[in-house]
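Novice: Have a look at this one before I ask anything.
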Amino acid sequence: MLCLPKLLEPLKVNDFTLRNRIVMPPMQSGRATFEGTVTTKLINFYVKRAPFLGLPIVEHAYISIMGKLGVKQLGIYDDALTPGFEKLATAIHQTGAPAVLQITHAGGVASKKVIGTQPAGPSAHGKMRELLKEELEAIADQFVSATERAVKAGFDGVELHGAHGYLLCQFFSPLLNKRTDEFGGSLENRMRFPLMVAKKVRAVLKGKIMLYRLGADDLASNGIQIEESAAFAQKLEQTGVDIIDVSGGMCGAMPKQLDKVRGYFIPQAAEIKKAVKVPVIGVGHITSATYADQLVREGKVDLVAVGRAFLKDPEWAQKATVFLGR
């Protein structure tokens, strides 16, 4: 009797069952309007790719104007945007997949040309000013409001973007966080703001899925180290995060020095998996269904994110399912 390939095995997360372990990670598509509104073009992008997917994660939506990164980035900063997300969630559900939305704040990497004011982050650095303590509470509440809009729109969960050099990652990384108060310095202090956001978001998500995209490695000797990330992942798990999505920190999603390396963030994901009991997503230049299945079969990760391959071929998951299941 043939065993089902591990990549095609279902996975139960809370009250939701993912039909397989294939994840499409959030990828900026530039298909929203200048105001961040969902468009038909953006909906079609996901409808083409969601069939046969275990978990599609919709691209990063900014929670406030201050947190906007790109000109045509998706936004969830206002109630007026909710109807568009309702259409998007419904369209994804019709493919048989759950709908999860990544929510984000760009922090210090935002551009003054885009947000209309000086960008702000954990510390004053370059063109970035330091956020005041009272602003941190307000930003945490904006993450909550964005989550409430996503839930109202019918999404099954949200992913907090704590990777790729965005605000939550900036607070965790010693490269950018030079604060001397309780939100900077020690590992415990650098985790404090992201954990505060996670705790508040968990409270409003209730039984829905909560993911955290963890920037596990800055790829710099004085940056985030994997031992710190493992400890942070344990704290996230205790806070109620259901899935840890492991990627790069201040080095970004596609570090030039690793771009040709297959599974370039898998080593970090495998270390995180040893530290937590919740499912872990691995990512990094994965294009082969056989290799993706191997990663799950060997227990390195629980789910595999396939990014750029989905941009080239919207039917990647269908073809992988047919290939592995034959």
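Where a number appears in this text, it was derived from the coordinates with a stated rule and is not lab data. Keep in mind the model is a prediction, meaning the values are calculated, not measured. No Cβ is skipped: glycine too gets one built from the backbone with ideal geometry, and neighbour counts run over all protein chains shown.
Novice: Hey, can you tell me all the residues within region 202-246 that are charged (D, E, K, R) and within 22 Å of D141 (Cα to Cα)?
Specialist: Hits for region 202-246 are R202, K206, K208, R213, K235, E237, D242.
Novice: Any chance you could count how many residues in region 238-286 are assigned to a loop (DSSP other than H, G, I, E, B), small (G, A, S), under 20 Å from Y166 (Cβ atoms) and without any contact (Cβ under 8 Å) to a residue 60 or more places away in the chain?
Specialist: Going through region 238-286 one residue at a time, the tally reaches 1.
Novice: Filter region 268-298 down to residues that are buried (at least 16 other Cβ atoms within 10 Å of the Cβ) and under 14 Å from F232 (Cα atoms), then give me how many there are.
Specialist: 9
Novice: Going by what's in this entry, would T95 be described as in contact with a Pro (Cβ under 6 Å, 6 or more places away or on another chain) and in a loop (DSSP other than H, G, I, E, B)?
Specialist: For T95, the condition - in contact with a Pro (Cβ under 6 Å, 6 or more places away or on another chain) and in a loop (DSSP other than H, G, I, E, B) - is met.
Novice: Counting only residues that are surrounded by fewer than 22 Cβ atoms within 10 Å (Cβ to Cβ) and either touching a helix residue (DSSP H, G or I) at 6+ places or on another chain (Cβ under 6 Å) or under 19 Å from V58 (Cα atoms) (or both), how many does region 299-309 have?
Specialist: Selection size over region 299-309: 4.
Novice: Right, F171: in contact (Cβ under 8 Å) with a residue 24 or more places away in the chain, in contact with a Pro (Cβ under 6 Å, 6 or more places away or on another chain) and not basic (K, R) or not?
Specialist: It is true that F171 is in contact (Cβ under 8 Å) with a residue 24 or more places away in the chain, in contact with a Pro (Cβ under 6 Å, 6 or more places away or on another chain) and not basic (K, R).
Novice: Search region 174-203 for residues being surrounded by fewer than 24 Cβ atoms within 10 Å (Cβ to Cβ) and small (G, A, S), and hand back the single one that is nearest to S145 (Cα to Cα).
Specialist: A203
Novice: Among the strands (runs of 3 or more DSSP E) contained in region 1-89, which hold 2 or more residues that are crowded, with 21+ Cβ neighbours inside 10 Å?
Specialist: 22-24, 55-62
Novice: How many residues does region 293-326 hold that are assigned to a helix (DSSP H, G or I) and within 19 Å of the chain's Cα centre (by Cα)?
Specialist: 4
Novice: Just give me the residues in region 201-229 being under 16 Å from Q102 (Cα atoms) and charged (D, E, K, R), in sequence order.
Specialist: R202, K208, R213
Novice: Looking at L168, is it hydrophobic (A, V, I, L, M, F, W, C), assigned to a strand (DSSP E or B) and touching a strand residue (DSSP E or B) at 6+ places or on another chain (Cβ under 9 Å)?
Specialist: no
Novice: Go through region 108-154 and report how many residues are closer than 29 Å to I57 by Cα and assigned to a helix (DSSP H, G or I).
Specialist: Result for region 108-154: 24.
Novice: A further question follows. Can you give me the number of residues within region 98-107 that are within 23 Å of L18 (Cα to Cα) and part of a strand (DSSP E or B)?
Specialist: Total satisfying the criteria: 4.
Novice: If a residue has to be in contact with a helix residue (DSSP H, G or I) (Cβ under 8 Å, 6 or more places away or on another chain), aliphatic (A, V, I, L, M) and surrounded by 24 or more Cβ atoms within 10 Å (Cβ to Cβ) to count, how many in region 211-249 make the cut?
Specialist: 8
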